[in-house]
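Here the structure comes first, spelled out in structure tokens, and everything after it is commentary.
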Amino acid sequence: MDAPSLMGILTAISIAVSLAIWIPIALKVRVRRTEVYLSGEPQAGYRLGITEVSWSVRRVFEKLYAAILNYVQTGVFNDWFAISLPYLILLLTLLTVVTLVGGGG
Amino acid sequence: MDALALIGRILFTTLVYPGLVFLVVLGLLSQWYRRKLVARLQNRVGPKYVGPVGILQPFADVYKLLFVKEVVTGYYTPARFIMFITTLGIVTLAASTVFLPITPYSIGVDYDVLVFIYLTLYASIAYAIVGFGSTSPYPSFGGIRYTTMMIVFEPAVAISLLAIVRALAPGSLSIHEALSSPRIPGVGNPLHAAVLVAVLLTAGVALSISLLSKAMMKPFDIPEAETEVAGGYLAELSGPTLGLSILLHEVELALYVLVLSNLLIPTPPMLPGLLEVATSLLKYFAVLTVLVVVAYSMGRVRLDQALRTLVKVPLPLSILSLALSFLT
């Protein structure tokens, strides 16, 4: 067996086992939702449906953007290169290792 | 191999040994050991009341949280979604133990270290999603902080693992082979032995520092800082969600320290026999002790300091170790 097939089998088994564990817990657990605290203001105007996909997606990307803007960027022009450098290095090393070990190229 | 037999082997290793049951027990025992050790360092008593010398305290904590009748959660937390994500993180970590040769049912193929890295990534992603999944600001900050560190420590972990496995099992890049039958150059070839020691040292330091940030241990416990972000990604969790998140953390730490300790001290190899398993666990607790003592001797750093440290130390060291591994 090769690594990609094993990867697929392990991923499928992991998801199946997770679902088998999660479904009974999720059915049994009772979730009580408390009201959002808005300093006494009416909730209608402020309701943010976190189950609504568009809002969730927007919210996640907003936070990612804020994270990159506030914490990662250093005010230098080549920030994006600096951020992606570890992954570039990882990809290049992986490629080098696979080429050298596998005798390809 | 027969497909049904293969799935049976994977299911056994994933669910029982050395997967879910073994990792949960080892992780919770390690939590007790860690808490006792840190308490000793800080002149405290540590867990004391549940079981002999408080050894059952982490089990009691997690049991209480998992089987609490009702999750009292706010508007902020999608509880069932977080339960699924954390369960998936724990199960993928358990599935990655299929490569650990402490059971006769373990599996090893060429390039399986890449599959191991891929499977253990789910846990990191689960942490980030637990943070981002909440609309409350504190978990979001925890998620942001973890994701930011993840940008640097994940490549460092992957590259140093590749380097060690490349040095111990050249040709196959199999973590199973590196753990069970490491190719250590004999006395006749001192140069190769010196290079191997250099690879293990550089990759070991890189992997240890990255592991501290991956497992959010001091000084990199910024994502769950109580005084700054009210517990970070754990702030809005309670009941089973909190129990599963604690389990995810302990299981991840246990798995990585088990792999790290047995890769760094490659002899005697990790094998299914009782004596070999006991030796592997001895190595595990030795490395865990060093990690905990070093980690808890330091205070928490700021996010920019953590990033600077991670970029300056583990990342270059991991690349150096990989370059050295080609000389073995």
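Laboratory data are not the source of any read-out in this text; all were calculated from the coordinates shown. This structure is a prediction, so every number in the text was calculated from the model and none was measured. Virtual Cβ from ideal backbone geometry, glycine too; neighbours counted across all protein chains shown.
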Exercise. What is the magnitude of the charge dipole of the protein assembly as shown about its Cα centre, with +1 placed on the Cβ of each Lys and Arg, -1 on the Cβ of each Asp and Glu, and no other charges, expressed in debye to the nearest 20?
Worked result: 920 debye
Problem set entry | Local electrostatic count at residue B:285 - Lys and Arg +1, Asp and Glu -1, tallied over other residues with Cβ under 15 Å | +4
Exercise. Of the listed peptides B:144-151, B:94-101, B:311-318, what is their order by residue-averaged count of other C-beta atoms within 10 Å, with the highest listed first?
Worked result: B:94-101, B:144-151, B:311-318
Exercise. If you count, for every residue in A:19-28, the Cβ atoms of partner chains within 10 Å of its Cβ, what is the mean?
Worked result: 5
Problem set entry | Percentage relative contact order, the range B:61-325, counting C-alpha pairs under 8 Å, at least six apart | 30 percent
For this session: Quantify how strongly other chains surround peptide B:80-93 by giving the mean number of their Cβ atoms within 10 Å of each of its Cβ atoms.
Result: 5
Problem set entry | Average beta-carbon neighbours from other chains, 10 Å sphere, peptide B:140-151 | 4
Exercise. Nearest 20 debye, what's the magnitude of the dipole of the range B:61-325 about its Cα centre given +1 on Lys and Arg Cβ and -1 on Asp and Glu Cβ?
Worked result: 320 debye
For this session: Mind scanning B:36/B:283; B:48/B:214; A:28/B:64 and naming the pairs with a C-alpha gap bigger than 21 Å?
Result: B:48/B:214
Seminar exercise, completed: One finds the C-alpha centres of the range B:44-58 and the range B:237-252 to be spaced, in Å, by 19 Å
Exercise. So which DSSP H runs in chain B come out at 20 Å plus along the axis (Cα) with average Kyte-Doolittle of at least 1.0?
Worked result: B:20-41, B:79-95, B:112-132, B:137-168, B:190-214, B:239-264, B:274-295
For this session: State, to one decimal in nm, how far the label point of residue B:42 lies from the label point of residue A:60, with both points 7 Å from Cα in the Cβ direction.
Result: 3.5 nm
Exercise. Listed highest first by mean packing, meaning other Cβ atoms within 10 Å per residue, what order do B:53-64, B:24-35 come in?
Worked result: B:24-35, B:53-64
Exercise. Residue farthest toward the positive end of the dipole of the range B:61-325, with Cβ of Lys/Arg at +1 and Asp/Glu at -1: which of B:121, B:156, B:240?
Worked result: B:156
